[in-house]
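First comes the structure, then the notes that go with it.
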Amino acid sequence: MTDDHDPVASPSERPVRRPFVDLAPPTTARGDDALASLLFDALDAAAEGVVEHDVPHGFHSWPAGMPPAVAATILDGLVDVDGQKGGGVVDPFSGGGTVGLEAVLHRRPFLGVDLNPLSARVGAVRTHRRSPGEADQFKAVVDAVVERSKRRVRERVRVRAEVPDDVAAAYAPHVLPELAGLLEEVAAVDGDEHRRTLAVVFSSILTKVSRRRGDTARLGGDDGADEKRVGRFFASEFFGAKAHELCRRQVALFARVGPAAPKPRFVVDDARRLPALLPPAWGRRAALVLTSPPYGGTYDYARHHAHRLAWLGLDAERFSRDEIGARRRRDRGPATFDAEVAAVLAAVSDSLADDGLAVLLMGDGELAGQRVPADGQLERLARGAGLSVVAVASAPRLDWRGGPARQEHLVALRRVHR
Ligand SMILES: C[S@@+](CC[C@H](N)C(=O)[O-])C[C@H]1O[C@@H](n2cnc3c(N)ncnc32)[C@H](O)[C@@H]1O
């Protein structure tokens, strides 16, 4: 999985190819021959590196995002291995929307669910297709917002940042009002789609313009230890560069799939309610559930995105309460996490078509000081949820906290026919 993979850094900084340094090549695969070898290939493709698509993969960082190569390899491979050419794809932990974007590229109907209110917004932006004509209009709007924001800075227009003090403290005293002014300009933009897109672009620049070195340092508890300088106008100009780069990629997506491919849907909800969320047009069943659930005690999405949620005025209360596997709750222990994962598996089982397939990418957890191997956990809990594990591939992952390497597993499950 990727930490903070963000190729849309700025046009000049954009990498061409970036390896997933934290994921080593897979070492084992077992179960159904064809599926096990497909899972192995998917992990292998991820370990090899990211081939930079022109599309908006990586736009807006999302910790532990599924490597696009995993989703792409599975969607490609299932055509031969499973005869799956169409049918609805669901990601009940859709995060930054990687699976949604790959589903669009594969012209599959898609539903993404995530309890983090930011997720649906990022997913919608990353999968939006913009025609060249629409792009010209969008770029004119971006340029006007950047110009007005810079004029506010030059004229020292007074503005209040509507964020809590601890969020405000993350920005230099001259950057905070520039951001608040920029956000007011975004809020004043005509047109819902433009406004929503620009709010996500705003969210995507927040770490870069803060005093912190990066999101990943924060995940490791190194918050603010290493301050950086951010110049006047940088926030506005970086925002503009990101918006133009995103637009270029949205146009590339339009060129790749055209306007007719099914439009993905992203909703803010709990993965455990998945069966109730499936579209009636699909007969309330999915052909494929492709997802990476939270790893036990590893990440903390509510805290990680707290600044972004505060700036955008998004309510994080339900997410903070019901986030699964959060690092801040490691003291809850493996039994609580088992109960959460069992409920997720039951929801997945009730959402799958009889001949459907679920593929989960999950890393070993660590709860109350105990390592919880994710493949063993899924195997233990599957049957009680009406599922059976049909294939597994595993790869070692470098652990930034040190100690023995944890494993990442791609696990394929099918419904048990009763
Ligand atoms: C490993 S990430 C998924 C990353 C995603 N596959 C991507 O490529 O960006 C796990 C996600 O689970 C979400 N999450 C945590 N608890 C949840 C819950 N109860 N229901 C739905 N989503 C939840 C988090 O917000 C996070 O986005």
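Just so it is clear, none of the values below were taken in a lab; they were calculated from the coordinates. Here the structure is a predicted model, which is why all the values come from computation and not from measurement. Virtual Cβ from ideal backbone geometry, glycine too; neighbours counted across all protein chains shown.
Just to confirm a number: summing +1 for Lys and Arg and -1 for Asp and Glu over residues other than Ala286 whose beta-carbon lies under 12 angstrom from that of Ala286, what do you get? List each step's numbers first, then the result.
On the way: positive: Arg108, Arg284, Arg285, Arg415; negative: Asp91, Asp350, Asp354, Asp355.
That works out to 0.
State the three equivalent ellipsoid semi-axes of region 250-359, derived from the C-alpha gyration tensor as the square roots of 5 times its eigenvalues, in descending order and whole Å. Please list the in-between numbers first.
Working: eigenvalues 154, 99, 32 Å².
After diagonalising the Cα gyration tensor, the semi-axes are 28, 22, 13 Å.
Projecting each Cα onto the charge dipole of the chain (Lys/Arg +1, Asp/Glu -1 at the beta carbon, about the Cα centre), which of Ser388, Phe110, Met362 comes out farthest on the positive side?
Comparing the listed Cα positions along the dipole, Phe110 ranks first.
As a footprinting exposure proxy, order Asp192, Asp32 by other Cβ within 10 Å, with the fewest listed first.
Working: Asp192 8, Asp32 16.
With the sparsest Cβ surroundings first, the list reads Asp192, Asp32.
Give me Rg/Rg_expected for the chain, where Rg uses Cα atoms only and Rg_expected = 2.2 N^0.38 Å with N residues.
Here the answer is 0.97, to two decimals.
Please give the calculated 222 nm ellipticity per residue for the chain, where each DSSP H segment of at least 4 residues contributes -39500 (n - 2.57) and the sum is spread over every residue; nearest 500 deg cm²/dmol? Walk me through the numbers before you get to the answer.
Working: 16 runs with 184 residues, N = 418.
Helices in the chain give a 222 nm mean residue ellipticity of -13500 deg cm²/dmol.
Mean Kyte-Doolittle hydropathy of 0.0 or higher plus an axial Cα length of 27 Å or more: which whole DSSP H helices in the chain meet both?
234-257, 333-351
Could you point to the residue in Pro68, Gly97, Gln407 farthest towards the positive end of the chain's charge dipole, with +1 and -1 charges on the Cβ of Lys/Arg and Asp/Glu respectively?
Farthest towards the positive end: Gly97.
Considering only DSSP beta bridges with both partners in the chain, what is the antiparallel share in %, to the nearest 5?
Of those bridges, close to 65 percent are antiparallel.
Scale the Cα Rg of region 132-255 by the rule-of-thumb value 2.2 N^0.38 Å and send over the ratio, two decimals. List each step's numbers first, then the result.
Numbers: Rg = 15.1 Å, N = 124, 2.2 N^0.38 = 13.7 Å.
Working it through for region 132-255, the quotient is 1.10.
With charges set only on the Cβ (+1 for Lys and Arg, -1 for Asp and Glu), what does the dipole of the chain come to about its Cα centre, in debye to the nearest 20? Before the final figure, lay out the partial values.
Working: 58 positive and 58 negative charges, 179 e Å.
That gives a dipole near 860 debye.
Which residue, chosen from Leu206, Leu253, Pro177, occupies the Cα position most advanced towards the positive end of the dipole of region 132-255, where the dipole is computed from +1 (Lys, Arg) and -1 (Asp, Glu) charges on Cβ about the Cα centre?
Pro177
Stokes-Einstein diffusion coefficient for region 161-203 at 20 °C in a medium of 1.002 mPa s, Rh from the Kirkwood formula over Cα pairs: what value in µm²/s?
194
Taking the Cα centre of region 219-325 as origin, sum charge times position over the Cβ atoms of Lys and Arg (+1) and Asp and Glu (-1), and report the length of that vector in debye to the nearest 20.
680
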